[in-house]
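See below for the structure under consideration.
Please treat every number below as a calculation from the coordinates, not as lab data. Quick caveat: nothing in here was measured; it's all calculated off a predicted structure. Here the Cβ positions follow ideal geometry from the backbone for every residue, glycine too, while neighbour counts run over all protein chains shown.
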């Protein structure tokens, strides 16, 4: 399929139709620069100048699939909530909530489980990957280590989406299958009972860059090659210094200052492009050709990133120091979300026959 075509269940951002957009964020780590460029910044920019209805949620029930450290779940939830708000997410403009504060979601997930074919779940990429690893080993059960949470993950994700009849779900390419499954699950329910759920479309923005990490691979906490966005709590080292220290660790080749360098073979330049204007990129490309030293290139990268991130730091630190304010924001979001979820769950219950036997005074 050419890059200029869009599958029926995926969309580009050219449509002017009214949308209900839903974005989930799994709280299993401290946000890094790759999260900011790949998810936070584009998501916030996409809703700032639009009339689309937007839902953002902290997917803490998804987070406990594979993460068994309560402290990580708790602290990540706080840090990620603070990060999104500090970076410009307006909780008055959007519905920003914690998944576990909307009890209608897991109840809907159970209802959907009861009409979802097991064979559909067998095809989920995460489940298949776990089984493939086990089958490569001798005398190991194919399902060893597979929890029902992992196996049924796509149904919970479908409930997240269908609860609010989201029309568009921004995802990475590796998550498109989950949106396809949500469509299948919705279609089965609609056909079996009544047409209740909107079929969501995946939104894949191919223009969003995937940041290169310190070692040249994709930036990912699983590779331990990330650049911190706001840093780890450390009274001895400021967040700004933590970012500077990380950038100075970016792996480079052994070319000396004044030797012409290929910017397209440089992780430093790849990251720089995600923060610079077209004019600044062209100027930096010329500096590479003129033999900029790696130390100077790293300093230029730090300066460019810091110019964008520094204005957010004070608000982030304020929120991290005041969890009560964060909790109030999340509870406000949960109240807004439940105005929708209570009605939607009641419709789903009635559709399957779970309703009062008679009206009582």
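General remarks:
- Highest-MSF residue in the chain out of 199, 89, 120 [GNM, Cα springs under 10 Å]: 120
- Between residue 342 and residue 136, the distance separating the two model label sites (each 7 Å from Cα on the Cα→Cβ line) works out to 5.0 nm.
- Entry for the stretch 221-319 at q = 0.12, 0.17, 0.20, 0.25 Å⁻¹: log10 I(q)/I(0) = -0.43, -0.80, -1.02, -1.36, Debye formula applied to identical alpha-carbon scatterers, no solvent contribution.
- With the simple model of a label 7 Å out from the Cα in the direction of the Cβ, residue 318 to residue 196 spans 4.3 nm.
- Antiparallel bridges, percent of DSSP beta bridges restricted to the chain (to nearest 5): 10 percent
- Angle in degrees between helix 153-162 and the longest Cα principal axis of the chain, rounded to the nearest 10: 80 degrees
- Result for the chain in a Gaussian network model with C-alpha springs under 10 Å: among 185, 133, 227, the largest mean-square fluctuation is at 133.
- Fully extended contour minus Cα-Cα distance, from residue 240 to residue 328, at 0.36 nm per residue: 28.9 nm
- Using C-alpha pairs below 8 Å separated by at least 6 residues, the relative contact order for the chain is 21 percent.
- Rh by Kirkwood over Cα pairs, then Stokes-Einstein D for the chain at 0.890 mPa s and 25 °C, µm²/s: 109 µm²/s
- For the peptides 103-111, 257-265, 77-85, the ranking by packing is 77-85, 103-111, 257-265, with the highest mean count of neighbouring Cβ atoms within 10 Å listed first.
- If you look at the Cα atoms of the stretch 92-237, you get an Rg and a Dmax of 18.7, 60 Å.
- Over the stretch 221-319, Cα pairs under 8 Å with separation of 6+ residues give a relative contact order of 30 percent.
- Computed over the stretch 261-349, the quotient of the alpha carbon radius of gyration and 2.2 N^0.38 Å is 1.86.
- Residue-span extension gain [residue 296 to residue 258] - 0.36 nm each, minus C-alpha spacing: 12.5 nm
- Estimated FRET transfer efficiency when R0 is 35 angstrom, pair residue 120-residue 248 (beta carbons, to 0.05): 0.15
- Using just its DSSP H runs of length 4 or more, each adding -39500 (n - 2.57), the chain gives a mean residue ellipticity at 222 nm of -15000 deg cm²/dmol after division by all residues.
- Gained length - residue 90 relative to residue 281, 0.36 nm times residue gap less alpha-carbon distance: 65.7 nm
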